[in-house]
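Trainee: This is the structure I have questions about; it appears just below.
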Amino acid sequence: MLVMMARPRHRRERGFGLVELMVAIMVAAILVAIAVPSFRTTLQKHRLRVSADNLQAAVQYARTEGVLRATYVSICASADGATCSGAATYETGWLVYVHPVATTKASDTYTATASAGMQILRAGPALNGVSARAVDGAVITFGQQGQLEPVATRTNASQPMAFVLCAGGGVGSLGTNTTKIPGSRIGISPYGGIAFTKLSSKDLCTP
């Protein structure tokens, strides 16, 4: 008897065609285009918040040390971590230093040839992608009771002391204040009180 053997049917394997591959690439590109700006915004917000927190903490530390040590404690902008720059650009970094009431003035800056009794307590690093501007380049000094000491070198003594931080800037470059990423303001009252607020949409990135 002749037995007929049925040929096994081979399932035809089908992969992605050129059209389907192009569609997949286009969908992936759209998803990336949507995700990248959102990630960039999140990153800028995070940098701004961390920078504002660090600067506010440095100001609070200077005030606290002034009370604990019963002497002058100042904060100033610094570009090298060793001397006060005399600028209002705190995105370059800053110094917190102590100096005696009896032999120095509230306006005295820390330099490489600083007089005896001056000592750096902390140095803050340069900020990444954030601008931080003070009212002017004068040092900010707290006294024995935590009060803000009058500084003779201020350009406008009647203007409230404050810092303004904005995302998108950097060393020597002013950031921008937007509704998506509003800037931050750190205000200091004459009594030494420190207040943190968000900028309104019309505020500038300078105090």
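Trainee: Which members of the range 181-202 meet the condition of being over 14 Å from the mean Cα position of the chain (by Cα), modelled with pLDDT of 95 or more and farther than 24 Å from A62 by Cβ?
Mentor: Passing the criteria: only S200.
Trainee: Spot the failing condition for T103; the list is (1) part of a loop (DSSP other than H, G, I, E, B); (2) at pLDDT 95 or above; (3) loosely packed, with under 15 Cβ neighbours inside 10 Å, and only one is missed.
Mentor: With (1) part of a loop (DSSP other than H, G, I, E, B); (2) at pLDDT 95 or above; (3) loosely packed, with under 15 Cβ neighbours inside 10 Å applied to T103, the lone miss is (2).
Trainee: Let me ask something else about it. Any idea how many residues of the range 86-103 are of a type outside the set (A, V, I, L, M, F, W, C) and within 19 Å of G169 (Cα to Cα)? Break it down into steps so the answer makes sense when it comes.
Mentor: Going through the range 86-103, the residues of a type outside the set (A, V, I, L, M, F, W, C) turn out to be 86, 89-93, 97, 99-100, 103.
Next, only the ones that are within 19 Å of G169 (Cα to Cα) stay: 89-93.
Selection size over the range 86-103: 5.
Trainee: What is the number of the single condition among (1) surrounded by fewer than 16 Cβ atoms within 10 Å (Cβ to Cβ); (2) free of Cβ contacts under 8 Å to residues at least 40 places away in the same chain; (3) part of a strand (DSSP E or B) that T155 does not meet?
Mentor: Checking T155 against (1) surrounded by fewer than 16 Cβ atoms within 10 Å (Cβ to Cβ); (2) free of Cβ contacts under 8 Å to residues at least 40 places away in the same chain; (3) part of a strand (DSSP E or B), the one that fails is (3).
Trainee: Now a separate question. Every residue in the range 175-195 that is in a strand (DSSP E or B) and within 17 Å of G146 (Cβ to Cβ), please. Quick ask: steps written out before the conclusion?
Mentor: Step one: list which residues in the range 175-195 are in a strand (DSSP E or B), which gives 176, 184-188, 194-195.
Listed by number, the residues that qualify are I186, G187, I188, I194, A195.
Trainee: Just one of the numbered conditions (1) in contact with a helix residue (DSSP H, G or I) (Cβ under 8 Å, 6 or more places away or on another chain); (2) of a type in the set (S, T, N, Q); (3) at pLDDT below 95 is not true of Q44; which one?
Mentor: In the conditions (1) in contact with a helix residue (DSSP H, G or I) (Cβ under 8 Å, 6 or more places away or on another chain); (2) of a type in the set (S, T, N, Q); (3) at pLDDT below 95, Q44 misses (1) alone.
Trainee: Would you mention how many residues in the range 161-174 are part of a loop (DSSP other than H, G, I, E, B) and within 16 Å of Q56 (Cα to Cα)?
Mentor: Going residue by residue through the range 161-174, those that are part of a loop (DSSP other than H, G, I, E, B) are 168-169, 171-172, 174.
The next check asks that each one be within 16 Å of Q56 (Cα to Cα); those that pass are none.
Final tally of qualifying residues: 0.
Trainee: I want to confirm something. Restricting to the range 50-76 and keeping residues that are polar (S, T, N, Q) and not in a helix (DSSP H, G or I), which single residue is nearest to A195 (Cα to Cα)? Full working, then the answer.
Mentor: Here is the first cut: in the range 50-76, the residues polar (S, T, N, Q) are 51, 54, 56, 60, 64, 71, 74.
Then drop every residue that is not not in a helix (DSSP H, G or I), which leaves 71, 74.
Details: T71: 23, S74: 18 Å.
Top of the filtered list is S74.
Trainee: Taking the stated definitions as given, is A62 closer than 23 Å to S173 by Cα and within 23 Å of the chain's Cα centre (by Cα)?
Mentor: Details: closer than 23 Å to S173 by Cα: no; within 23 Å of the chain's Cα centre (by Cα): yes.
Against the criterion (closer than 23 Å to S173 by Cα and within 23 Å of the chain's Cα centre (by Cα)), A62 does not qualify.
The values are calculated or read from the model by the stated rules, or taken from the named source; none is laboratory data. Small disclaimer: the values here were computed from a predicted structure and weren't measured. A quick note on method: Cβ atoms are made from the backbone with ideal geometry, for glycine too, and the neighbour counts reach across all protein chains shown.
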